[in-house]
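Novice: Before I ask anything, let me first share the structure, which is written out below as structure tokens.
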């Protein structure tokens with residue numbers, strides 16, 4: 001399986017051509033890993049979206065951001081199986097699909113990371129600036145939707161270079177007389193290639209990692225200080241949640257961005273074939289770790305909240321009741337219906353204590 005950023009195809013040292021294709025073991029391993037990411041990412045993000053549409057509704061700015069994060073992650077996990085299939089079958093779906101699939105990760109990266117930064121900002125305002133923001137909550141939903149719309153437009157603009165310059169093409173190897181069909185950034189002019197091969201990864205690192213990281217560190221550090229001063233039985237749990245959010249973000253995205261930075265800095269330098277193979281392997285592994293973040297977002301930002309968990313339990317109860325309706329007799333259905341109603345009343349009527357992620 002070729003890497004998602006194999007557009008870096010510069011010349012290497014040595015007289016013989018360098019074969020950078022991954023070995024079969026790497027292909028199989030990445031296929032299983034990406035299939036796992038796709039399955040769990042699909043389940044988690046679909047549950048978040050269903051919960052917001054049919055149960056919880058979007059009542060706060062964080063709700064709007066979380067819903068859009070789930071949509072961004074869902075876009076990527078839906079396209080991931082098609083990426084796997086095409087990489088293993090010479091991009092049979094053609095050039096248009098090649099462009100769309102390669103752009104999917106950029107869309108998920110920029111929109112998802114910027115939305116996570118917005119969530120940290122909203123929590124900062126709600127907790128640290130609580131007194132100032134108390135009187136302005138009636139207009140927050142409109143503001144959050146406008147912010148999300150602006151982020152999606154900005155994301156599409158940042159993805160345009162990938163969409164415009166990604167091409168499906170054939171590469172003929174004189175070394176073993178084979179033809180490889182690839183879907184990569186391709187340029188007709190040298191100057192454009194030099195510019196884009198620096199601009200695209202630089203934007204990914206700056207806007208897709210560094211900017212959200214700085215915002216999250218500032219906001220969550222301020223929140224932790226505020227919570228530690230407050231006399232609340234829930235403060236330690238809230239601090240642990242914040243630490244988990246930041247640590248998972250760094251663990252998932254820092255290795256890929258460090259590797260991408262190292263790769264970008266060496267783009268126009270002569271390097272050995274073996275060193276390049278190792279670098280691409282590390283890039284592929286770290287990128288898979290970054291992909292895994294889309295599976296963890298529903299857990300860190302949604303299911304960890306008390307109120308969200310109660311709505312999720314209601315979904316499970318309704319699914320159970322729905323299945324029982326078509327399995328049991330009329331008498332059993334009547335009993336099951338009573339259980340469902342009482343469960344819904346208990347869920348709606350419970351006075352759950354609001355947690356940090358609620």
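The values are calculated or read from the model by the stated rules, or taken from the named source; none is laboratory data. Note that this is a predicted model, so its numbers are computed, not measured. Cβ placement follows ideal geometry from the backbone for every residue including glycine, while neighbour counts extend to all protein chains displayed.
Novice: Inspect region 56-68 for any residue being free of Cβ contacts under 8 Å to residues at least 24 places away in the same chain and within 14 Å of the chain's Cα centre (by Cα) and give the result as yes or no.
Specialist: yes
Novice: Quick check on region 149-159. Is at least one of its residues surrounded by fewer than 12 Cβ atoms within 10 Å (Cβ to Cβ) and modelled with pLDDT under 75?
Specialist: If we filter region 149-159 for residues that are surrounded by fewer than 12 Cβ atoms within 10 Å (Cβ to Cβ), which is where we start, we get 149-150, 153, 157.
Now restrict to residues that are modelled with pLDDT under 75: none.
No; the residues of region 149-159 include none that is surrounded by fewer than 12 Cβ atoms within 10 Å (Cβ to Cβ) and modelled with pLDDT under 75.
Novice: Oh, and also: Does residue 109 fit the bill of being in contact with a helix residue (DSSP H, G or I) (Cβ under 7 Å, 6 or more places away or on another chain) and over 20 Å from residue 206 (Cα atoms)?
Specialist: On the way: in contact with a helix residue (DSSP H, G or I) (Cβ under 7 Å, 6 or more places away or on another chain): yes; over 20 Å from residue 206 (Cα atoms): no.
So residue 109 does not fit the description; no.
Novice: Check 92, 116, 142 and return the single one that is buried (at least 20 other Cβ atoms within 10 Å of the Cβ) and either assigned to a helix (DSSP H, G or I) or modelled with pLDDT under 90 (or both). Walk me through it before giving the result.
Specialist: On the way: 92 fails: buried (at least 20 other Cβ atoms within 10 Å of the Cβ); 142 fails: buried (at least 20 other Cβ atoms within 10 Å of the Cβ).
When all the criteria are applied, what remains is 116.
Novice: Still on this structure, I have one more. On the given criteria, is residue 100 surrounded by fewer than 23 Cβ atoms within 10 Å (Cβ to Cβ) and touching a helix residue (DSSP H, G or I) at 6+ places or on another chain (Cβ under 6 Å)?
Specialist: Considered against the rule, which asks whether it is surrounded by fewer than 23 Cβ atoms within 10 Å (Cβ to Cβ) and touching a helix residue (DSSP H, G or I) at 6+ places or on another chain (Cβ under 6 Å), residue 100 comes out as no.
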